[in-house]
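Trainee: Before anything else, here's the structure in question.
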Amino acid sequence: MDDLLTGAPTPECSLPPLDVLRVLFTDPEQLQPEKADARVTEHVAAEFAKLAASLRERHADPERAAHFLMRLLFCLFADSIDLLPDHLFRRMIEADRNKPASFVRKLSQLFAAMSTEGSTFGMDDIHWFNGGLFADDAVFDLTSADMATLQSAAKLDWSNVEPAIFGTLFERSLDPGKRSQLGAHYTSKADILLIVEPVLMEPLRKRWQTVKAEATAIAA
């Protein structure tokens, strides 16, 4: 309720306060956490579709462009869950929102820091992100419109983004022929659980009950 009074979007649904009040009476299911996650994910997909289209229009190599977008996506996610210190990536976007060349230069430096153990970026210590995503510091030039898109994406809580979208974003970025809006075909957590529960979790729970009963009998 405090968020409604202060005018800030509620973290559960990321909707503006007046919209929260509206859907509370008209469509309360939208306020369910899983629906909020889906909505944030779709918004993220739409924003990154703009970036992908912008890079394609400038004839960027599709595979390199996809890798670059995945880095940006990861940085926003890491920024939301405090893997990057003190919202570093969002501060970079805000500071250089009208200076794309400056942002891109700093972005290359950040990528280099993220790929090297024990690195710093400015006054901040940077975690080492091993695994190849930041194996080099390659970047693409960005436009003012691209910076506006990043700024919009940065306003979202990326900790609520469904991980299943990562593969979809990469696939769409690689294939210029797939012009449909990103996010329309990602597999939701609920859909994944429909498979995981009966196929994996239920047999494991039954096996655990058997093992627990055997252990209890031995202990007795």
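Trainee: One residue is enough: does the stretch 34-52 have a residue meeting the conditions modelled with pLDDT of 90 or more and either basic (K, R) or assigned by TED's automatic domain parsing to the domain that holds G122 (or both)? Spell out how you get there, then give the answer.
Mentor: Residues of the stretch 34-52 that are modelled with pLDDT of 90 or more, as a first pass: none.
Checked the stretch 34-52: no residue is modelled with pLDDT of 90 or more and either basic (K, R) or assigned by TED's automatic domain parsing to the domain that holds G122 (or both).
Trainee: Filter the helices (runs of 4 or more DSSP H) completely within the stretch 52-126 down to those with at least 3 residues that are closer than 20 Å to A154 by Cβ and charged (D, E, K, R).
Mentor: Values: elements: 62-80, 88-95, 100-114.
Per the criteria, 88-95.
Trainee: Could you count how many residues in the stretch 127-159 are outside any loop (DSSP other than H, G, I, E, B) and of a type in the set (F, W, Y)? Reasoning before the result, please.
Mentor: Within the stretch 127-159, the subset outside any loop (DSSP other than H, G, I, E, B) is 144-154, 158-159.
If we keep only those that are of a type in the set (F, W, Y) as well, we get 158.
Total satisfying the criteria: 1.
Trainee: Can you name the condition, by its number, that S159 falls short on among (1) buried (at least 20 other Cβ atoms within 10 Å of the Cβ); (2) in contact (Cβ under 8 Å) with a residue 40 or more places away in the chain; (3) more than 15 Å from M70 (Cα to Cα)?
Mentor: S159 satisfies all of (1) buried (at least 20 other Cβ atoms within 10 Å of the Cβ); (2) in contact (Cβ under 8 Å) with a residue 40 or more places away in the chain; (3) more than 15 Å from M70 (Cα to Cα) except (1).
Trainee: Being surrounded by fewer than 16 Cβ atoms within 10 Å (Cβ to Cβ) and touching a helix residue (DSSP H, G or I) at 6+ places or on another chain (Cβ under 8 Å) is the requirement here; does E94 meet it? Show your work before the answer.
Mentor: Numbers: surrounded by fewer than 16 Cβ atoms within 10 Å (Cβ to Cβ): yes; touching a helix residue (DSSP H, G or I) at 6+ places or on another chain (Cβ under 8 Å): yes.
For E94, the condition - surrounded by fewer than 16 Cβ atoms within 10 Å (Cβ to Cβ) and touching a helix residue (DSSP H, G or I) at 6+ places or on another chain (Cβ under 8 Å) - is met.
Trainee: Identify the residue in the stretch 138-154 that is surrounded by fewer than 16 Cβ atoms within 10 Å (Cβ to Cβ) and touching a Ser or Thr at 6+ places or on another chain (Cβ under 9 Å) and, among all such residues, is nearest to L73 (Cα to Cα).
Mentor: Checking each candidate, the answer is A138.
Trainee: Residues to consider are F129, F166; find the one that is within 18 Å of the chain's Cα centre (by Cα), surrounded by 11 or more Cβ atoms within 10 Å (Cβ to Cβ) and at pLDDT below 70. Spell out the reasoning first.
Mentor: Details: F129 fails: at pLDDT below 70.
Step by step, each of F129, F166 is checked, and only F166 is within 18 Å of the chain's Cα centre (by Cα), surrounded by 11 or more Cβ atoms within 10 Å (Cβ to Cβ) and at pLDDT below 70.
Trainee: Provide a single number: the residues in the stretch 115-126 that are touching a residue at least 24 places away in the same chain (Cβ under 8 Å), crowded, with 16+ Cβ neighbours inside 10 Å and not aromatic (F, W, Y). Break it down into steps so the answer makes sense when it comes.
Mentor: Initial filter on the stretch 115-126 (touching a residue at least 24 places away in the same chain (Cβ under 8 Å)): 121, 124-126.
Okay, now just the ones that are also crowded, with 16+ Cβ neighbours inside 10 Å, so 121, 126.
Cutting the leftovers down to not aromatic (F, W, Y) gives us 126.
Count: 1.
Trainee: Hey, among D137, D82, D146, which residue is in the same structural domain as D157 (by TED's automatic domain parsing) and in contact with a Lys or Arg (Cβ under 9 Å, 6 or more places away or on another chain)? First the steps, then the outcome.
Mentor: Numbers: D137 fails: in contact with a Lys or Arg (Cβ under 9 Å, 6 or more places away or on another chain); D82 fails: in contact with a Lys or Arg (Cβ under 9 Å, 6 or more places away or on another chain).
One residue alone meets the criteria, D146.
The values are calculated or read from the model by the stated rules, or taken from the named source; none is laboratory data. All values reported here derive from a predicted model rather than from experimental measurement. FYI the Cβ positions are ideal-geometry reconstructions off the backbone, even for glycines, and counts take in every protein chain you see.
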